[in-house]
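A quick write-up on the structure given underneath.
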Amino acid sequence: MGDSLSAGYKMRLSEGWVALLEKRLTNGYLPHRVINASISGETSSGGLNRLPEALRRHQPKIVIIELGANDGLRGLPLPLMRENLRRMITAAQQNNARVLLLGMRLPPNYGPRYTEDFAQIFVELAQQYKTGLVPFFLAGIATQATLMQSDGLHPAAAAQSQLLDTVWPHLQPMLN
């Protein structure tokens, strides 16, 4: 469940990190299949609204939640984002799925308090609900202009394998 960062914004779907994950699983002869339920522009509220049907339809064993960036970029109330993510985590866990939360950070122009509180939500939820956590999904990418699209917000196709490499060490133990 994600936003444009996982939906492959302005690139072929086959270039995105989620498609590369599926390819890695297939090449490694791992029996898992990937359902990409990511929509560009998605907020935590939209993800929460869509999750119950996705859980019912696909009955996943692992749910990767990559949401919150659009909430933060729009300056939405952090308690609302926190509650939406919390409800998504608990819904997935109640459906016997393990959760991997992909943490995000915001640009510093949102102010230190908002940006620090935003980033801390992912850490606290992962600790409280004992989920996997990638502390910062765009680590090593967000500050590299050559790895970002011209908007400065979305990783370029060249960065997608790095995104997968950021997620993989946290996801791989969950696959066993």
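Remarks
- Members of region 1-21 that are of a type outside the set (A, V, I, L, M) and either modelled with pLDDT under 95 or under 16 Å from Ala157 (Cβ atoms) (or both): Ser4, Ser6, Gly8, Tyr9, Lys10, Arg12, Ser14, Glu15, Gly16, Trp17
- The residues in region 75-89 that are farther than 20 Å from Ala54 by Cα and without any contact (Cβ under 8 Å) to a residue 40 or more places away in the chain can be counted, and the count is 5.
- Exactly one residue out of Ala119, Ala126, Ala92, Ala158 is free of Cβ contacts under 8 Å to residues at least 24 places away in the same chain and under 29 Å from Leu55 (Cα atoms), and it is Ala119.
- Output for region 48-67, where each listed residue is touching a residue at least 40 places away in the same chain (Cβ under 8 Å) and either on the phi > 0 side of the Ramachandran plot or more than 16 Å from the chain's Cα centre (by Cα) (or both): Leu55
- Matching residues in region 18-43 - criterion: being without any contact (Cβ under 8 Å) to a residue 40 or more places away in the chain and either under 18 Å from Gly68 (Cβ atoms) or β-branched (Val, Ile, Thr) (or both): Val18, Thr26, Val34, Ile35, Asn36, Ala37, Ser38, Ile39, Ser40, Gly41
- Qualifying residue in region 22-32 (condition: among the hydrophobic types (A, V, I, L, M, F, W, C) and surrounded by 21 or more Cβ atoms within 10 Å (Cβ to Cβ)): no
- Of the criteria (1) surrounded by fewer than 20 Cβ atoms within 10 Å (Cβ to Cβ); (2) modelled with pLDDT of 95 or more; (3) touching a Pro at 6+ places or on another chain (Cβ under 9 Å); (4) outside any helix (DSSP H, G or I), which one Gln162 fails: (4)
- Candidate set: region 45-62, residues that are in contact with a strand residue (DSSP E or B) (Cβ under 9 Å, 6 or more places away or on another chain) and assigned to a helix (DSSP H, G or I); chosen: the one surrounded by the most Cβ atoms within 10 Å (Cβ to Cβ): Gly47
The values are calculated or read from the model by the stated rules, or taken from the named source; none is laboratory data. Because the structure is predicted, anything quoted here is derived from the model rather than measured. As a convention, Cβ positions derive from the backbone with ideal geometry for all residues, glycine included, and neighbour counts pool all protein chains shown.
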